[in-house]
């Protein structure tokens with residue numbers, strides 16, 4: 001963490017100064033004891049911050065901080081949480097280190113256009129982003145050697161609202177950089193690390209920001225910097241830009257620029273996991289680097305393919321990015337020779353066999369350039385195999401090499417603290433490590449041991465709490481309509497999944513696919 005951030009929290013007493021480190025690592029968001037540590041500073045301040053510890057630490061009156069620093073009971077709880085946090089961050093006996101003992105910890109680079117981690121970092125739209133966020137959290141808990149790459153969207157993603165006249169409208173939720181859990185990545189001179197996207201004209205530059213997700217570093221690319229042309233400064237402004245030119249530049253920056261950023265940071269990795277086709281150009285850049293070192297293009301492509309995993313989510317053709325050839329030519333004309341191939345061979349990489357004149361298809365390219373493919377459910381696999389069987393023409397569906405890993409969730413993130421306490425009481429005596437081993441079906445059979453009345457009572461309590469929260473939200477909306485008449489926000493809650501399989505199960509399946517290649 002750079003000194004400029006430390007200076008902004010100079011008002012926090014030294015005795016509890018570790019709260020700053022805790023606030024800038026999203027580990028706190030899935031550990032109830034850490035959340036309670038912030039809440040106990042001042043319940044109203046925690047609520048007013050919308051459960052954002054960075055905002056709360058900035059705005060809370062200093063007397064509450066001083067009172068906590070002088071409270072032996074608070075300091076005792078603080079010491080316990082900080083000890084757990086530091087032990088977690090430095091632990092070596094993780095699932096990965098034990099499961100793959102004696103093997104080198106080869107890093108996996110995870111690329112995604114969005115990450116659903118916490119509402120203080122609105123760089124997500126929906127299910128794809130929450131899957132990516134839960135991937136990082138579960139990977140952190142398992143001790144997987146992973147690094148992630150995404151975008152820092154300054155305008156977040158569109159929210160749908162109903163205005164006072166009853167019409168739906170879109171509004172943006174700008175990112176509050178001062179209260180988001182994001183830090184600057186600096187170069188050797190103490191300035192923002194800025195990287196040029198290679199072989200793309202006109203030049204595009206990215207500054208690098210960092211989000212710490214437990215043990216996993218997530219590097220976010222930011223094009224809103226002075227050295228970029230005004231048009232390019234907006235590349236990272238909003239998730240899923242509608243304009244095709246802007247969308248293509250986004251995906252160039254995410255894939256090619258993201259790979260270049262990892263190189264600039266000195267991070268070497270052995271495999272790539274693409275969450276959908278948006279960052280697929282990362283594979284292209286891995287090929288180019290090998291060609292630059294003297295490898296033949298086809299040989300380089302095969303080497304990259306063997307160590308790449310591609311996850312597809314989208315079951316409808318309209319959801320896959322296809323870019324016109326003239327746009328591809330505009331940005332890749334100097335990239336073709338850098339790969340050691342001509343324009344025609346390059347364009348063939350993205351051809352959809354059933355619509356060869358439609359343009360460069362990012363999913364078709366991602367499938368061709370990776371050896372391991374999976375859908376996000378069994379049904380999704382069936383649809384994906386049918387959609388993309390044209391890439392592997394043959395008589396049997398089984399010949400289509402798309403498997404599936406059912407979407408899971410990061411259980412500690414989505415499990416209510418009271419429900420966890422209930423499980424601790426009734427499952428804990430038989431299986432004290434039930435949360436760590438939650439992918440074992442035997443553990444969930446123990447749920448039958450919970451008295452129905454007790455489970456139902458907690459269910460009703462949670463329903464009542466939800467009703468109170470909705471009532472408070474409606475009250476705030478009505479107050480704004482009466483006195484200010486702004487747009488009325490109606491935000492739909494996000495469900496983690498229709499069923500709740502274990503994210504650990506999904507991550508271990510993906511690790512196993514990679515292990516066969518490494």
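Quick look at the values:
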{"read-out": "Extension reserve of the residue 345-residue 399 stretch, reckoned as 0.36 nm per residue once the Cα distance is removed", "value": "16.9 nm"}
{"read-out": "Residues 307, 94, sorted so that the one with the fewest Cβ neighbours within 10 Å comes first", "value": "94, 307"}
{"read-out": "Distance between the stretch 385-455 and the stretch 1-60 - C-alpha centres, whole angstrom", "value": "32 Å"}
{"read-out": "Rounded Å value of the spacing that divides the Cα centres of the stretch 314-353 and the stretch 250-281", "value": "17 Å"}
{"read-out": "Using alpha-carbon coordinates, inclination of helix 72-90 to the longest axis of the chain, degrees", "value": "20 degrees"}
{"read-out": "Per-pair calculated FRET efficiency, R0 = 41 Å: residue 173 and residue 326 via Cβ, rounded to 0.05", "value": "0.75"}
{"read-out": "Stokes-Einstein D for the stretch 412-489, Kirkwood Rh over Cα pairs, 20 °C, 1.002 mPa s (µm²/s)", "value": "141 µm²/s"}
{"read-out": "Kirkwood Rh in Å, taken over all unlike Cα pairs in the chain", "value": "24.9 Å"}
{"read-out": "Inter-label distance for residue 355 and residue 48, nm, one decimal - labels placed 7 Å from Cα along Cα-to-Cβ", "value": "5.3 nm"}
{"read-out": "Computed over the chain: relative contact order in percent, which uses C-alpha pairs under 8 Å that are six or more apart", "value": "13 percent"}
{"read-out": "Förster radius 45 Å - calculated FRET efficiency between residue 98 and residue 471, Cβ distance, rounded to 0.05", "value": "0.40"}
{"read-out": "Calculated Rg and Dmax of the stretch 3-90 using C-alpha coordinates, Å", "value": "12.0, 34"}
{"read-out": "Rg over Rh, two decimals, the stretch 337-405 (C-alpha only, Kirkwood Rh)", "value": "1.02"}
{"read-out": "Percent of beta bridges antiparallel (DSSP, the chain, rounded to nearest 5)", "value": "45 percent"}
{"read-out": "Helix 281-292 axis, angle to the chain major axis (alpha carbon atoms, nearest 10°)", "value": "50 degrees"}
{"read-out": "Sorted by Cβ density within 10 Å, fewest first, the residues 87, 381", "value": "87, 381"}
{"read-out": "Centre separation in Å (Cα based) which lies between the stretch 189-217 and the stretch 169-184", "value": "18 Å"}
{"read-out": "Inter-probe distance in nm under a simple model that places probes 7 Å from Cα toward Cβ, at residue 62 and residue 245", "value": "5.2 nm"}
{"read-out": "Nearest-0.05 FRET efficiency for residue 10 and residue 302, computed from C-beta distance (R0 60 Å)", "value": "0.65"}
{"read-out": "Cβ crowding within 10 Å averaged over residues, with 339-345, 276-282, 293-299 ranked highest first", "value": "276-282, 339-345, 293-299"}
{"read-out": "Virtual spin-label span in nm between residue 463 and residue 188, 7 Å along Cα→Cβ", "value": "6.4 nm"}
{"read-out": "Acute angle (nearest 10 degrees) that the helix 452-483 long axis makes with the longest principal axis of the chain, alpha-carbon atoms", "value": "80 degrees"}
{"read-out": "Proxy reagent accessibility, fewest Cβ within 10 Å first, across 227, 385", "value": "227, 385"}
{"read-out": "Three-way shape call for the stretch 276-425 based on the alpha-carbon gyration tensor, with the a/c threshold at 1.5", "value": "prolate"}
{"read-out": "The chain: calculated mean residue ellipticity at 222 nm from DSSP helix runs of at least 4, using -39500 (n - 2.57)", "value": "-12500 deg cm²/dmol"}
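Where a number appears in this text, it was derived from the coordinates with a stated rule and is not lab data. These numbers come from a predicted model, not from an experiment. Neighbour counts are summed over all protein chains in view; Cβ atoms, including those assigned to glycine, are modelled from backbone coordinates with ideal geometry.
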